[in-house]
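Down below is the structure, laid out as structure tokens.
What follows is calculated from the coordinates using simple rules that are stated; it is not laboratory data. Keep in mind it's a predicted model, so treat the numbers as computed, not measured. Backbone-built Cβ (ideal geometry, glycine too); neighbour counts: all protein chains shown.
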Amino acid sequence: MPLVIVAVGVAMLLLLMIRFKLNGFISLILVALAVGVMQGMPVDKVVSSIKAGVGGTLGSLALIMGFGAMLGKLLADCGGAQRIATTLIDKFGKKHIQWAVVLTGFTVGFALFYEVGFVLLLPLVFSIAASARIPLLYVGVPMAAALSVTHGFLPPHPGPTAIATIFHADMGKTLLYGTLLAIPTVILAGPVFARFLKGIDKPVPEGLYNPKTFTDEEMPSFGVSVSTALVPVILMALRAVAEMILPKGHPILSYAEFFGDPVIATLIAVLIAIFTFGLNRGRSMESVMDTVSDSIKIIAMMLLVIGGGGAFKQVLVDSGVDHYIAGMMNSSGLSPILMAWTIAAVLRIALGSATVAAITAGGIVAPLIATTGASPELMVIAVGSGSVIFSHVNDPGFWLFKEYFNLTIVETFKSWSVLETIISVCGLIGCLLLSMVI
């Protein structure tokens with residue numbers, strides 16, 4: 001019976017979001033209420049579970065996402081992202097232009113949300129394709145692949161960070177494992193796959209984008225741009241390394257754990273960025289703070305959706321559904337990583353939203369970690385991989401790619417949808433292989 005109730009809840013979620021076009025946050029809260037009541041929970045207990053789920057999920061996550069958004073906005077508004085992109089492209093040259101775009105997307109993708117990075121790098125993709133006289137997708141696909149992989153696999157992006165919070169996974173290890181799997185995944189889904197799309201040769205859309213460009217004097221240096229953008233990544237990675245090589249109680253370990261905490265790491269990066277991307281560029285503190293304030297608008301609804309997913313998860317836990325599902329999964333004998341990926345993939349195809357799919361799947365499969373002993377870090381990446389599979393017409397990202405690259409719907413399926421599926425399957429295979437040695 002609990003499994004039927006979960007299925008009904010997921011069906012309700014699909015109906016509310018797809019048929020009635022209801023906001024993801026409102027849909028998740030309504031479904032959480034319905035599932036709790038159907039499970040026989042007292043109404044006041046359902047409400048308490050929802051409050052606890054939202055609060056527990058957004059506790060540290062709101063800080064990480066908030067600081068991450070501030071860092072990304074400061075990077076974009078000072079021309080730092082443009083500096084990173086143009087420098088890498090100049091160094092690689094036309095012959096290896098795809099690899100320059102991949103490295104640019106990967107570097108910028110650490111600090112920016114997918115949509116922001118996509119729109120920000122499009123002018124460079126357009127100019128490269130036009131000047132080098134190469135198909136637009138030949139450079140566009142590697143860029144999109146790099147951004148999508150960082151979005152799906154790596155903290156501090158919303159999906160992986162939220163799942164890591166639910167699974168109590170170590171953020172530094174998740175970042176290390178995710179980066180290890182991201183490299184071959186980006187290569188296959190980016191430069192390799194793009195070579196099969198040369199037949200789709202579209203012109204740069206006229207009048208579609210009028211980006212703000214920065215002069216050389218206005219932009220910070222390449223070193224400053226990269227080092228500031230990667231501060232959180234470096235600090236979290238150093239913490240993970242310290243925890244692996246230093247014994248417990250070592251004096252350096254406590255400092256590494258403090259500065260490598262995701263909240264502290266992103267806060268330090270923002271403080272550095274306020275100076276390097278703001279005050280040191282001649283901007284007033286008031287202007288810099290305006291940028292910081294604007295950045296929060298980008299993630300406000302995203303935070304609520306993640307909170308709604310946390311509420312749904314908590315109702316499943318408090319009503320006992322999680323233990324029922326965990327027991328059923330254990331008796332099936334299937335790999336928990338494969339189960340986590342499959343559930344996230346089904347939800348992604350049905351819902352369209354990678355974030356909602358990831359958070360919902362995370363709540364359903366969380367008990368598997370305790371009962372199977374699966375690596376929580378690999379489970380994070382498995383869910384993240386499943387949550388990006390086969391983007392299609394119910395995903396805003398599908399239409400974003402279609403319109404900016406001037407494609408037909410069929411061409412978008414052949415390029416964008418296949419690209420996302422390659423990323424998803426590669427992530428799953430990588431997790432299964434890593435699980436044999438971790």
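One table, with the values for the structure above:
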read-out	value
Gain on full stretching of the segment that runs from Ile26 to Thr408 - 0.36 nm per residue minus C-alpha separation	134.3 nm
Size-normalised alpha-carbon gyration radius of region 1-101, reference 2.2 N^0.38 Å	1.77
Amide H contacts of Lys202 (H built 1.01 Å from N, under 5 Å, at least 5 apart or other chain)	Leu136, Leu137
J(HN,Hα) series, region 264-277, from Karplus relation 6.51 cos²θ - 1.76 cosθ + 1.60, nearest Hz, glycine and proline x	5, 4, 6, 5, 4, 4, 5, 4, 5, 5, 4, 7, 5, 9
Over the chain: helical MRE at 222 nm, DSSP H runs n ≥ 4 each giving -39500 (n - 2.57), nearest 500	-24000 deg cm²/dmol
Residue order, fewest to most beta carbons within 10 Å, for Cys426, Cys431, Cys78	Cys426, Cys78, Cys431
Rounded to whole Hz, the Karplus (6.51, -1.76, 1.60) HN-Hα couplings of region 169-186, x for glycine and proline	7, 6, 5, x, 5, 4, 5, 5, 4, x, 5, 4, 7, 5, 4, x, 5, 5
Region 2-434: translational diffusion in µm²/s, Stokes-Einstein, Kirkwood Rh over Cα pairs, 10 °C, 1.306 mPa s	72 µm²/s
Nearby lysines by direct alpha-carbon distance to Lys198 (threshold 23 angstrom, same-chain neighbours under 8 apart not counted)	Lys94, Lys95, Lys402, Lys414
Convex hull projection area averaged over all views, region 334-402, Cα basis, nm²	4.3 nm²
Förster-model FRET efficiency, 45 Å R0, Val37 and Arg133, C-beta, rounded to 0.05	0.15
Compactness of region 391-438, expressed as Rg and Dmax over alpha-carbon positions, Å	14.2, 44
Förster radius 35 Å - calculated FRET efficiency between Met12 and Ile234, Cβ distance, rounded to 0.05	0.20
J(HN,Hα) series, region 63-79, from Karplus relation 6.51 cos²θ - 1.76 cosθ + 1.60, nearest Hz, glycine and proline x	5, 4, 5, x, 5, x, 5, 4, 4, x, 5, 5, 4, 6, 6, 9, x
DSSP-assigned coil residues among trypsin sites (Lys or Arg not before Pro) in region 70-151, each with at most 14 further Cβ atoms within 10 Å	Lys94, Lys95, Arg133
Kirkwood Rh in Å, taken over region 75-165 so that all alpha-carbon pairs contribute	13.2 Å
Theoretical FRET efficiency, 1/(1+(r/R0)^6), r = Cβ-Cβ of Val192 and Met285, R0 45 Å, to 0.05	0.45
Relative contact order of the chain, pairs being alpha-carbon contacts under 8 Å that are 6 or more residues apart, as %	23 percent
Kirkwood Rh (inverse of mean 1/r, distinct Cα pairs), region 251-369, angstrom	17.7 Å
Size of electric dipole in the chain: Cβ of Lys, Arg +1 and of Asp, Glu -1, about Cα centre, debye, nearest 20	600 debye
